[in-house]
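Q: If you scroll down you'll find the structure; I have some questions about it.
Bear in mind these aren't lab numbers, they're just calculated from the coordinates by the rules spelled out. Just so it is clear, the structure is predicted and the values come from calculations on it, not from any experiment. Cβ sites come from the backbone with ideal geometry, for glycine too, and all protein chains shown count toward neighbours.
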Amino acid sequence: MSDIQNKTVLMSDANYFGDYDAINAHMDSHVPVDVDKAKAEHQSIMQALQSVGVRVIQVPSPKDCQDGVYTANWALCRGNKALLSALPNTRQPETPYAEQILKAQGKEILRLPDGMKFSGQGDALPCGNLLFTGSNYRTDFAAHKHIGKLLDFEVISLQTIPKRSLWGWGKRIINPVTGWPDSYYYDIDLALAVLSPELIAYCPEAFVPSSRKILEALPIQKIKVSRSEATNGFACNLVSTGGAVVMSAHAPKLKAAIEAYGLKTLTPNVTELGKGGGYIRCTTLTLDNN
């Protein structure tokens, strides 16, 4: 497979990283964050990407935004267009900053109708002309048709499983900070990865049965990821050029499966950034989706 995707990405920094506003199921405001370690991890991700030919455009993170390191949630880009996200309450200060940054990159700014949730690239993964798009947690299902029309994608609408009380059998958990439903796969990039337009990796157990059937029926090569590696190792939250994959160091089974397809893997050791519920894919916003 040749290098065909994610050639140019936007990254900020981890200067304001934290978990004091626990806005997703992976976060615990009682667990301290080592910002210096997070900065080092972020640097290692950037260096790994650059080593496989990815062009990284660096910008400062928005001041005092704990999640500003996760640029993937700022927008979804295609060609010269950038569709801005509509983020949870504590992340909304990132939006005007993201708009400013993307305009400086020459992007035409697009928006969804007022009131629609959208988590940007975190919940919308291009795969050629297909777009795997999540729903219910950070992106409204009603937004899917607008996303497809505005950026000319064929949308594959999917939903992951919710976080529930009583070991998965009780009522759905509502996040106390955002007021939105919670899931360990709140963005689809925690449950699915695009390795090339012909190959994806996904965790079947992370999806509701109807979405699992949609994925199983797709005429595309698939690698199945265990629920343990997807949830605890952030296995799917990776960046692939089509020839090389920068991925979690805590997903050995997926790593071996990817290498069996002839792709090179790089595995920077990331732990601290995971306390914010994001990982490698989350720290990069692709600017050159075609």
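Q: Restricting things to Cα coordinates, could you compute the convex hull volume per residue of the chain in Å³?
A: Residue-normalised Cα hull volume stands at 114 Å³.
Q: Per residue and in cubic angstrom, what volume does the convex hull of the Cα atoms of region 216-290 have?
A: 111 Å³
Q: Right, something else. Once every DSSP H run of n ≥ 4 in the chain is given -39500 (n - 2.57) and the sum is divided by its residues, what mean residue ellipticity at 222 nm do you get, rounded to the nearest 500 deg cm²/dmol?
A: -6500 deg cm²/dmol
Q: So, one more: Please tell me which of these pairs span more than 29 angstrom C-alpha to C-alpha: LYS7/LYS253; LYS37/LYS224; LYS63/LYS107; LYS81/LYS117?
A: Violating the 29 Å Cα-Cα cut-off are LYS37/LYS224.
Q: For the modelled label position 7 Å from the Cα of VAL56 along Cα-to-Cβ, which residues of region 240-266 have backbone nitrogen atoms closer than 13 Å?
A: 246-247
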